[in-house]
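Report on the following structure.
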Amino acid sequence: MAIRLIEKKSNQTNDLTNNIIKFVNMNHGFAIRTNTSGIPLIVNGRIVGWRKSKSRGCSDIDITYKGLAIKVEIKQKDKLSFDQQVYKQNVLNAGGSYWEIRSMDEFLEKWNNFLEK
């Protein structure tokens with residue numbers, strides 16, 4: 001299968017996330033960014049705080065490819081939080097795939113290995 005790259009390679013988390021989503025969607029998969037931010041608490045039109053998200057630990061990207069679930073967590077230098085470790089284990093226990101990705105090259109290597117299975 002020919003691999004089509006989008007834009008230049010990037011080490012920035014947001015650019016890497018966007019490139020992975022674009023890549024998957026252009027190659028007959030479905031990928032979306034997972035929103036795990038909290039909900040703003042607004043009083044008199046001003047944000048006064050945040051209510052925690054109920055989806056703590058969720059991966060950054062949710063991919064479906066040929067009926068299979070792949071969860072992708074983008075990391076630069078940090079490690080998985082406790083909530084992310086719990087989420088990862090739940091995904092793996094349910095038969096899904098969970099990838100910790102630090103670069104587009106690493107993603108493409110995992111993607112190609114995934115396709116070979």
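Quick note: the coordinates plus some simple rules give every number you see, no bench work behind them. It should be emphasised that the depicted structure is a prediction, and the values quoted were computed from it without experimental measurement. With ideal geometry, Cβ positions are generated from the backbone for all residues, glycine too; neighbour counts draw on all protein chains shown.
Note on Lys79 and Asn27: with the Förster distance fixed at 35 Å, the Cβ-Cβ geometry gives a FRET efficiency of about 0.75.
If the segment from Asp105 to Val86 were pulled out straight at 0.36 nm per residue, it would be longer than the present Cα-Cα gap by 4.2 nm. Here's the picture: charge each Lys and Arg Cβ at +1 and each Asp and Glu Cβ at -1 in the chain, and of Val24, Ser81, Asn112 the one pushed furthest to the positive end of that dipole is Ser81. The distance separating the Cα centre of the stretch 58-91 from that of the stretch 14-35 comes to 14 Å.
Checking the a/c ratio against 1.5 first, then a/b against b/c, what shape does the Cα gyration tensor give for the stretch 13-116? The shape class here is prolate.
Between Lys22, Lys52, Lys77, the residue with the greatest mean-square fluctuation in the GNM of the chain (Cα pairs under 10 Å linked by springs) is Lys77. Count the DSSP beta bridges whose two residues both fall in the stretch 13-116, then state the antiparallel fraction as a percent rounded to the nearest 5. Antiparallel: roughly 75 percent of the beta bridges in the stretch 13-116.
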